[in-house]
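Just so it is clear, none of the values below were taken in a lab; they were calculated from the coordinates. Fair warning: this is a prediction, and the values are worked out from it, not measured in the lab. When we count neighbours, we look across all protein chains shown, and the Cβ atoms used for this are built from the backbone with ideal geometry, even at glycine.
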Amino acid sequence: MPESRRPNRGPSAAAENRAALVAAAREVFASAGYNAPLSTVARVAGVGQGSLYRHFPDRISLAMAVFEDGVTELEALAARPGTTLDDLLTLLTEQTIASTAFIDLVTATPPAEPDPRILDLRDRVSRVLAGVLGDARRAGSVRGDVTADDLVLVVGMLAGVLAKTPAPARRDTAARVWALLRQGIAP
């Protein structure tokens, strides 16, 4: 990863530094996972670690800034008339292929004291899926007992497989996983 340290321009560069950190985190999380060293994120962004921690006091804050875009994209798709469960699962799959870190964050087993920001993100994804689940049941493409939380779990299973799959093979692997999983969720 390139080391392109920019000169410190002080507070006037705050917005630019924040944007660079979010872009760098998206890149680093996509290639090295959610637990990648934050020092790597700062280095790729071309800022010091002090700047990183001024904008994002912890890993969750940085991840939330990165992954907010993915959830917003999912919510926007769900708001379009005619959007189906397959449309949403396709987008989630594309997001997972691009970065398993997003799904790892949303679907991880919460610790004893889960961070409410992560729970909120997970709940937003679950609500989006729940919004179209009834239509999928009525269409006969999903069993009546499948819940939105089941679908979040399924996407988490997909992310687990894709995290161990080389990037060039992820699309084919995702298609195979969905073919197998659909047998379990279809009536």
(message) Using each residue's phi in segment 26-43, evaluate 6.51 cos²θ - 1.76 cosθ + 1.60 at θ = phi - 60° and report the 3J(HN,Hα) Karplus result to the nearest Hz, with x for Gly and Pro.
(response) 4, 5, 5, 4, 5, 8, 10, x, 4, 8, 4, x, 5, 4, 5, 4, 4, 5
(message) Let's see if you can work this out: charge +1 on each Lys and Arg Cβ, -1 on each Asp and Glu Cβ, no other charges. What is the dipole magnitude of the chain about its Cα centre, in debye to the nearest 20?
(response) 420 debye
(request) Write down the Kirkwood hydrodynamic radius of the chain, to one decimal in angstroms, obtained as one divided by the mean of 1/r over all alpha carbon pairs. (result) 17.7 Å
(message) Quick check: pseudo-label points 7 Å beyond the Cα along Cα→Cβ at Leu77 and Lys164, how many nm apart are they?
(response) 2.6 nm
(request) Check each of the chymotrypsin sites (Phe, Trp or Tyr not before Pro) in segment 41-103 and keep only those in coil by DSSP with at most 13 other C-beta atoms within 10 angstrom; list them in order. (result) none
(request) Let me know the Rg and Dmax you get for segment 10-55 when you use only its Cα atoms, in Å. (result) 10.0, 31
(request) For Glu68 and Arg176, compute 0.36 nm times the residue count separating them, minus their Cα-Cα distance, and round to one decimal in nm. (result) 36.1 nm
